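The structure appears below as structure tokens.
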Amino acid sequence: MKPHNERYAMELIIAKVKNGDVAAFNVLVDEHKAMAFTLALRLLKSREDAEEVTQDSFLKAYKNIGQFKEEAKFSTWLYTIVYNTALTSLRKKKLKTTEIEDLSSENLLQLSEPDAEWRRLQKEERSGYIQLALTQLSNDDQVAITLFYLNENSLQEICEITNWELSNVKVRLHRARKRLLIALEHLLDNEVRELL
């Protein structure tokens, strides 16, 4: 199907949902649930919490579909709901979501000696390592991480700031985070070697 036809089909589905058609809303859920869950999981680091946030987000989207304006993509509107719902969930649990070390702690657990060293570091030292690791990334990776994780910009805001497509922002953030973790692992590895 051509993009114009896809957009028209999406507009028809959304019009049906606005008229209370639950079956039409299920089409939207099926199309977007995987990415909504992935986004929630990246923020929450718990499958159970991510599932709950994803369900809550779809419920909010259904209840507020009348507020959706077709100027933006439905997916952008939905993922903003998922992102904000995940942040609210994190705040309720009093977790710090703006620190990259918290966001990446699940992956750092795979490290043996560097992981133990990472936990011993003071917050200021960890921040220094993160800043140092960031300098080893490309400019685009640095921009993506800084906007999303440090400035807490939404995906849509990042799209508006950088003029990147939403799908590109997601891919860039995913890859940038992996590269940052690799850079941190190397930095900590080197520190441990120097201590031995």
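The values are calculated or read from the model by the stated rules, or taken from the named source; none is laboratory data. Just so it is clear, the structure is predicted and the values come from calculations on it, not from any experiment. Methodologically, a virtual Cβ is constructed for each residue, glycine included, from the backbone with ideal geometry; neighbour enumeration extends over all protein chains shown. The area values use the complete protein model at the heavy-atom level, side chains included, leaving out ligands, DNA and RNA. Shrake-Rupley method; radii C 1.70, N 1.55, O 1.52, S 1.80 Å.
Quick rundown of the values:
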read-out: Above-threshold pairs, the threshold being 28 Å between Cα atoms, out of Lys69/Lys92; Lys63/Lys170; Lys18/Lys45; Lys63/Lys92; Lys45/Lys69; value: Lys69/Lys92; Lys18/Lys45; Lys45/Lys69
read-out: Karplus-derived 3J(HN,Hα), 6.51/-1.76/1.60, for each residue of segment 69-81, Hz, glycine and proline x; value: 10, 5, 5, 9, 6, 4, 4, 4, 5, 5, 5, 5, 5
read-out: Length added when fully stretched, Arg47-Arg175, from 0.36 nm per residue minus Cα-Cα; value: 44.0 nm
read-out: Residues whose placed amide H lies under 5 Å from that of Trp164, excluding near-sequence neighbours; value: none
read-out: Environment charge of Ala23, counting only residues whose C-beta is closer than 12 Å and scoring Lys/Arg +1, Asp/Glu -1; value: -1
read-out: Per-residue SASA entry for Asp56, accessible area with 1.4 Å probe, Å² rounded to 10; value: 60
read-out: Additional length obtainable on full extension of the chain from Lys92 to Ser167, 0.36 nm per residue less Cα span; value: 24.1 nm
read-out: Contour excess over end-to-end distance, with Cα ends at Lys60 and Thr135 and 0.36 nm allotted per residue; value: 23.1 nm
read-out: Neighbourhood net charge (12 Å Cβ-Cβ; Lys/Arg +1, Asp/Glu -1) for Arg179; value: +1
